[in-house]
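Notes for the one structure printed next.
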Amino acid sequence: MGTRTADIVIIGGGLAGLAAAYAATKKGLAPLLLEERGRPGGLVCSGKIGPATVDIGAESFALRAPEVRELAQELGIETVLPQGSSWIWTHKDGGRAVPIPHGVFGIPASLDDPAFASALVEIAGEEALERARQDLELGPEAGADCEDLASFVRARMGQAVLDTFVTPFAGGIHAADPKDLAADSVAPGLRRKTRETGSLVGAVKAIRPRPVPVVGQTKGGMFRLVHALRDAVLAAGGTIESRKRATSLAPADVHAWNVRCEPTKSNPDPHLPPLTAGESELVETDRVVVATPAPVALKLLGSACEASLPSGSRAMSASLAADIASLIDGFRLPAGAPIAHVTLAVRSAALDAAPRGSGMLVSPPGPGDTPRLRAKAITHYSAKWPDTVSGTPDHTHVLRVSYGRPGENLDDLYGDFAVDTALADATTMLGVELGRDRLLDSRVIHWDGSLVPQTPEARATVAGLTALAGKTDGLVLAGAWVAGSGLAAVIPHGLKAVRE
Ligand SMILES: Cc1cc2nc3c(=O)[nH]c(=O)nc-3n(C[C@H](O)[C@H](O)[C@H](O)COP(=O)(O)OP(=O)(O)OC[C@H]3O[C@@H](n4cnc5c(N)ncnc54)[C@H](O)[C@@H]3O)c2cc1C
């Protein structure tokens, strides 16, 4: 088995790993980044759909943290804001679209906003609005001990606000029910500001005083950030080894850590991990950043705890290894929902006016509803990010129709059936007839389990594991399961993952 050394090994080439690798180069280190698939980027990736090359994974970053925009600037890429407003589809009374009120996660910044008040009254009745207004009278303590988003919103504004405005956000963005989302993780500052201002509506107003965009994109697509980071790491002397999988970690004697890795080749089923393609090798290093999704990270961490400790090893003590192993043993990682995206390139002059702005989130059907569509969201990608279709023939549009709520079975959503379902759902949601005659190209991608719900319990265990990892010599945990979901969480955390 071959052995070599590296200044720092970064396991996983998603945005967390790439950000960490970039940060390492800025500290004068030559990072070795191991990525088991054929390209870095992880959940940020591009695909050619008809005449356009677009993001087929994550497509934007939240503007709440300045680091992503600053990073893009530093790398010489422009960032752009989305065009068009967005909507919520409710299945009530045969189905209709209502505009999303200005606010945070569907929660309004003003209870008098007509987009909020009239939609709530139409959908849930006057008493629902009365209940929402109680938020102003309840005082700062109501809901203060509710850690999950659902109980917090319910305690402040009632069930109808939760169902009508917040649940579609949770499903569309986190593929989760709000009861499974830690409020502090998915809406940072909301609970604290509620305590400070005395009401949830006051908190929302303090966090988002004006109706300005909350997300941005690197011009041309988020995948351009991946390319820029890759190029910057390589130019600074780093190495990115795609098709190389880390299989275990162990405390070492001369250097702190041994990383065992093996070459891989693509799996005929692209949804499954790549296959092993040769002999494994060891990389010795003083620093390791584990930036893989949670199941792999826990396996690697577990392997480090099980490995025998060479005498004089400074990686970690036996008692620290035992503490980490015991937390991993007790950790029941929440399962991520099935997710399918059907991206459609269509030609339609009727879509030029972007009838539903940048897109729409869909409420889950309530009791008594007869849904006319199955999707949980649609993004009018080319209307939201017009740069991505510049230079394509007139009336070319890219739509992304998303499926998958917790517990839903998407086994049928493949091939022609998925495309026909998405065309029918897009027709209903956009109010524009979109049949096969309009279709230029399509791509169906399943991302099952990729968005692990950030439950309050999981956040607590992850905080414990991170604290223990902080006591090792040179081992850092990064990635969405640690930092929180989304590029605005993952990238700043990855940039800080390389210790002094
Ligand atoms: C469909 C979808 C849409 C999304 N849209 C948005 C959005 O618009 N905006 C937003 O902010 N967030 C979005 N997110 C969330 C966001 O994409 C993630 O939070 C973020 O990309 C996670 O980055 P990461 O580096 O932690 O993980 P990943 O991107 O999952 O990267 C981990 C990498 O580790 C590699 N790996 C795994 N095991 C090994 C191993 N043993 N050895 C070597 N490499 C390994 C994987 O191949 C992968 O490349 C979306 C997520 C999904 C699923």
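The values are calculated or read from the model by the stated rules, or taken from the named source; none is laboratory data. Just so it is clear, the model here is predicted, and its values are computed rather than measured. Virtual Cβ from ideal backbone geometry, glycine too; neighbours counted across all protein chains shown. Ligands, DNA and RNA are stripped out before the accessible areas are found, and what is left, the full protein with its side chains, is counted by its heavy atoms. Shrake-Rupley method; radii C 1.70, N 1.55, O 1.52, S 1.80 Å.
Details
- Mean ellipticity per residue at 222 nm, deg cm²/dmol - from DSSP H runs of n ≥ 4 across the chain, formula -39500 (n - 2.57): -9500 deg cm²/dmol
- Local net charge near Arg69, Cβ-Cβ under 14 Å (Lys/Arg +1, Asp/Glu -1): -1
- Potential lengthening between Thr239 and Glu433 on full extension [0.36 nm per residue; Cα-Cα distance subtracted]: 64.9 nm
- Share of carbon and sulfur in the accessible area of segment 417-486 stands at 53%, probe radius 1.4 Å.
- Per-residue ³J(HN,Hα) for segment 22-32, Karplus 6.51 cos²θ - 1.76 cosθ + 1.60, θ = phi - 60°, Hz, x for Gly and Pro: 5, 4, 4, 5, 6, 8, x, 9, 9, x, 10
- In the context of the full set of protein chains, residues of the chain present 40 Å² of accessible surface per residue (probe radius 1.4 Å, heavy atoms only).
- Between Asp387 and Asp420, the contour length at 0.36 nm per residue exceeds the Cα-Cα span by 9.2 nm.
- Secondary structure note: in the chain, about 70% of the DSSP beta bridges are antiparallel.
- Calculated diffusion of the chain, Stokes-Einstein form, Kirkwood radius summed over Cα pairs, 4 °C and 1.567 mPa s, µm²/s: 54 µm²/s
- With θ taken as phi - 60° and the Karplus curve 6.51 cos²θ - 1.76 cosθ + 1.60 applied, the whole-hertz 3J(HN,Hα) list for segment 293-308 is x, 3, x, 5, 4, 5, 5, 5, 5, x, 5, 5, 6, 7, 5, 6 Hz, x standing for glycine and proline.
- For segment 103-208, the share of accessible area belonging to carbon and sulfur comes to 49 percent (1.4 Å probe, ligands and nucleic acids excluded).
- Beyond 31 Å in Cα-Cα separation lie the following of the pairs Lys27/Lys471; Lys244/Lys471; Lys299/Lys496; Lys27/Lys205: Lys27/Lys205.
- Among residues other than Thr79 with Cβ under 15 Å from its Cβ, the summed charge is -2 (Lys and Arg +1, Asp and Glu -1).
- Using a Förster distance of 35 Å, the FRET efficiency for Glu306-Glu500 (Cβ separation, nearest 0.05): 0.75
- Within the accessible area of segment 14-59 (1.4 Å probe), percent carbon and sulfur: 54 percent
- Treating r as the C-beta distance of Arg96 and Leu75 and R0 as 45 Å, the FRET efficiency rounds to 0.55.
- Amide hydrogen proximity for Ser248: with H placed 1.01 Å from N in the peptide plane, the residues at 5 or more positions away or on another chain lying under 5 Å are Arg260.
- Per-residue 3J(HN,Hα) values for segment 93-100, derived from phi via the Karplus relation 6.51 cos²θ - 1.76 cosθ + 1.60 with θ = phi - 60°, read 6, x, x, 6, 9, 10, x, 7 Hz in sequence order (x marks Gly and Pro).
- Within segment 1-82, DSSP assigns beta bridges of which about 50% are antiparallel (rounded to the nearest 5).
- Theoretical gain in end-to-end length, Ala467 to Gln159 [0.36 nm per residue, Cα-Cα removed]: 107.2 nm
- For segment 423-445, the residues whose backbone nitrogen is under 19 Å from a point 7 Å from the Cα of Thr370, taken along Cα to Cβ, are 425, 428-429.
- C-alpha center-to-center spacing [segment 1-52, segment 261-309] in angstrom: 14 Å
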